[in-house]
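If you scroll down you'll find the structure; I have some questions about it.
The values are calculated or read from the model by the stated rules, or taken from the named source; none is laboratory data. Bear in mind the structure is a predicted one, so any value in this text is a computation, not a measurement. So basically every Cβ, Gly included, is an ideal-geometry build from the backbone, and we count neighbours across all protein chains shown.
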Amino acid sequence: MDKLELIEKLSEEGAAKPLPHPFKQSLIWIVGIIVFMGAVISIEGFRFDINEKIQSLPFILEIILLLATGISALTISIYDSRPAGLPSNKLRAIPFILIVIWFYAAYSESMYMLNMENFIQSVKSDGYMCTCHILLVTVLPLFILFYFIRMGASVHQGWTGGMATLGVCSFTYLFMRFVEANDDIVHLLVWHALPIVIFCLISIKVSKKFLHW
Amino acid sequence: MSLETLMSQAQNGDNKAYAELLTEISPLIENFLKGKLSNPEDVNDVTQEVLISVHKASQTYDPSRPFKVWLFAITRYRLNDFLRSVYAQKARGADIDFNDDDLEIVSENDVTNDYEDIEFFHKALGKLPEKQQKILTMLKLEGYSVRETSIAMGMKESAVKVCAHRALKQLSDRYAGK
């Protein structure tokens, strides 16, 4: 087809109406996912020692940093779902910086427990139920988020999908901290954090195909 | 009128502004691609693909942001897609020199008179995927050129060559294993 013919054909069809501003979309998503997690927590119930935990500074810091990670990753994924949507690619580093700070803030006191023996013991335990729990809670919001992201036209599908998964998973991790009364660093790393990392890596691979347009 | 204004008007349903915008951005895309691709046909192909992509992604443009940044993000994306497909074809060893002349140099010795062979090739051709069957029939039996076949099939010439190469390889493998 000739270029002029193509232009004529495309202009006859007309341009599509613009999507809502990414900031507005991000806000809707963040509120939506907080409401969703709140609803799931209200069904499952808070951990028995929640009153004690919300008075502990590391726990409060952990919650704040996880919230910040989730919010930043979700916002970045929504902005990145549009061509040149992110003002700077360096902004993608924010969730990773927050993760490092979170890890240090939440677990610096129990670092001594990180040894091979504890890891092997944790792997042998039945902690996989936590991983299944995380995956089950993550699937629905992530599926809907991917559907919306697909309405955009990401030119960095891996980043967009990975950030979306990281965003939702941060909220799921947060949710697990509210419902499961287990603060064992090794358990949290092996059965909570590691599956999330693997999930994010798979999602990067899948997004390259699924979000391709 | 600026490109931002034209796109904004186009998003509000002004098809004339949209046509003007597409006409104005076409040379911008071409000039950008000319610096990256040496083959003018490729430049033309990718330009058309970018125009289609701009159309498909028109809902993602935010009028408060510079239009050219958005446009060139899409252009680079399509260019990378194109280059990826070219490199993938090369990696698969599909970068074959498949000239139209090859089709015309057919001596008597090349023509099989063996009825069994003819029957075998017709059966084997029938077992190929529909697209490969059609391409091979057009190229080898009906005598169309690669260009004519690519137009008829709505494919790129390189893709037609790759498809024909694969089909021929499958046929020769089957013939060898007969």
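So, in region B:48-95, of the ones that are polar (S, T, N, Q) and closer than 12 Å to A:P83 by Cα, which residue ends up surrounded by the most Cβ atoms within 10 Å (Cβ to Cβ)? Steps first, please.
Of the residues in region B:48-95, the ones polar (S, T, N, Q) are B:48, B:53, B:58-60, B:64, B:75, B:80, B:85, B:89.
Pick out the ones that are also closer than 12 Å to A:P83 by Cα and you get B:53, B:58-60, B:75.
Details: B:S53: 21, B:S58: 21, B:Q59: 15, B:T60: 23, B:T75: 26.
Result: B:T75.
May I ask you to verify whether A:V197 is touching a Pro at 6+ places or on another chain (Cβ under 7 Å), of a type outside the set (D, E, K, R) and farther than 22 Å from A:K53 by Cα? Explain how you work it out, then say what you get.
Values: touching a Pro at 6+ places or on another chain (Cβ under 7 Å): no; of a type outside the set (D, E, K, R): yes; farther than 22 Å from A:K53 by Cα: yes.
For A:V197, the condition - touching a Pro at 6+ places or on another chain (Cβ under 7 Å), of a type outside the set (D, E, K, R) and farther than 22 Å from A:K53 by Cα - is not met.
Any idea which residue in region B:1-10 is surrounded by the fewest Cβ atoms within 10 Å (Cβ to Cβ), counting only those that are away from every other protein chain (no Cβ under 12 Å) and in a helix (DSSP H, G or I)?
As a first pass, look at region B:1-10 and keep what is away from every other protein chain (no Cβ under 12 Å): B:1-5.
Narrowing further to those that are in a helix (DSSP H, G or I): B:3-5.
On the way: B:L3: 17, B:E4: 18, B:T5: 13.
Result: B:T5.
For the structure I just gave you, tell me whether A:A84 is assigned to a helix (DSSP H, G or I) and under 30 Å from B:Q59 (Cβ atoms). Steps first, please.
Details: assigned to a helix (DSSP H, G or I): no; under 30 Å from B:Q59 (Cβ atoms): yes.
No, not satisfied.
Of (1) within 14 Å of chain B (Cβ to nearest Cβ); (2) more than 30 Å from B:S58 (Cα to Cα); (3) among the hydroxyl-bearing types (S, T, Y), A:S11 satisfies all except one. Which?
Single failed check for A:S11: (2).
Follow-up. Look through region A:14-34, keep the residues that are facing chain B (nearest Cβ under 7 Å) and touching a helix residue (DSSP H, G or I) at 6+ places or on another chain (Cβ under 8 Å), and return whichever of them is surrounded by the most Cβ atoms within 10 Å (Cβ to Cβ). Walk me through it before giving the result.
If we filter region A:14-34 for residues that are facing chain B (nearest Cβ under 7 Å), which is where we start, we get A:14-19, A:21.
Filter once more, so that each one left must be touching a helix residue (DSSP H, G or I) at 6+ places or on another chain (Cβ under 8 Å): A:14-19.
Numbers: A:G14: 18, A:A15: 27, A:A16: 16, A:K17: 10, A:P18: 16, A:L19: 19.
Filtering region A:14-34 for residues that are facing chain B (nearest Cβ under 7 Å) and touching a helix residue (DSSP H, G or I) at 6+ places or on another chain (Cβ under 8 Å), the one surrounded by the most Cβ atoms within 10 Å (Cβ to Cβ) comes out as A:A15.
Can you say whether A:V168 is surrounded by fewer than 22 Cβ atoms within 10 Å (Cβ to Cβ), touching a residue at least 40 places away in the same chain (Cβ under 8 Å) and not acidic (D, E), as far as the supplied structure shows?
Working: surrounded by fewer than 22 Cβ atoms within 10 Å (Cβ to Cβ): no; touching a residue at least 40 places away in the same chain (Cβ under 8 Å): yes; not acidic (D, E): yes.
The answer is no for A:V168.
Another one. Which count do you get for residues in region A:98-139 that are in contact (Cβ under 8 Å) with a residue 12 or more places away in the chain, surrounded by 12 or more Cβ atoms within 10 Å (Cβ to Cβ) and among the aliphatic types (A, V, I, L, M)?
Qualifying residue count for the region: 11.
Another one. Pairs needed: first member in region B:157-178, under 30 Å from B:V46 (Cα atoms) and surrounded by fewer than 20 Cβ atoms within 10 Å (Cβ to Cβ); second member anywhere, of a type in the set (G, A, S) and at pLDDT 80 or above; C-beta distance under 9 Å; at least 6 residues apart or different chains.
Correct list of pairs: B:E157/B:S150; B:A159/B:S85; B:A159/B:S150.
Looking at region B:16-48 only, could you name the residues that are more than 12 Å from chain A (Cβ to nearest Cβ), in a helix (DSSP H, G or I) and among the polar types (S, T, N, Q)?
Step one: of region B:16-48, the residues more than 12 Å from chain A (Cβ to nearest Cβ) are B:28, B:31-42.
Filter again for in a helix (DSSP H, G or I), leaving B:28, B:31-34, B:40-42.
Hit for region B:16-48 is B:N31, nothing else.
Next question, about the same structure. Please go through (1) farther than 20 Å from A:F36 by Cα; (2) away from chain B (no Cβ under 14 Å); (3) not hydroxyl-bearing (S, T, Y) for A:R150 and return the number of the only condition it doesn't satisfy.
(2)
Which of the numbered conditions does B:G13 fail, given that it passes all the others? Conditions: (1) assigned to a helix (DSSP H, G or I); (2) at the interface with chain A (Cβ under 9 Å from one of its Cβ atoms); (3) free of Cβ contacts under 8 Å to residues at least 12 places away in the same chain.
Only one criterion in (1) assigned to a helix (DSSP H, G or I); (2) at the interface with chain A (Cβ under 9 Å from one of its Cβ atoms); (3) free of Cβ contacts under 8 Å to residues at least 12 places away in the same chain is unmet by B:G13, namely (1).
For region A:54-97, what are the residues that are within 14 Å of chain B (Cβ to nearest Cβ) and free of Cβ contacts under 8 Å to residues at least 40 places away in the same chain?
A:L86, A:P87, A:S88, A:N89 - these are the residues of region A:54-97 that are within 14 Å of chain B (Cβ to nearest Cβ) and free of Cβ contacts under 8 Å to residues at least 40 places away in the same chain.
While we're here: Tell me, please, whether a residue that is among the acidic types (D, E), part of a helix (DSSP H, G or I) and in contact (Cβ under 8 Å) with a residue 60 or more places away in the chain can be found in region A:13-34.
No, because not a single residue in region A:13-34 is among the acidic types (D, E), part of a helix (DSSP H, G or I) and in contact (Cβ under 8 Å) with a residue 60 or more places away in the chain.
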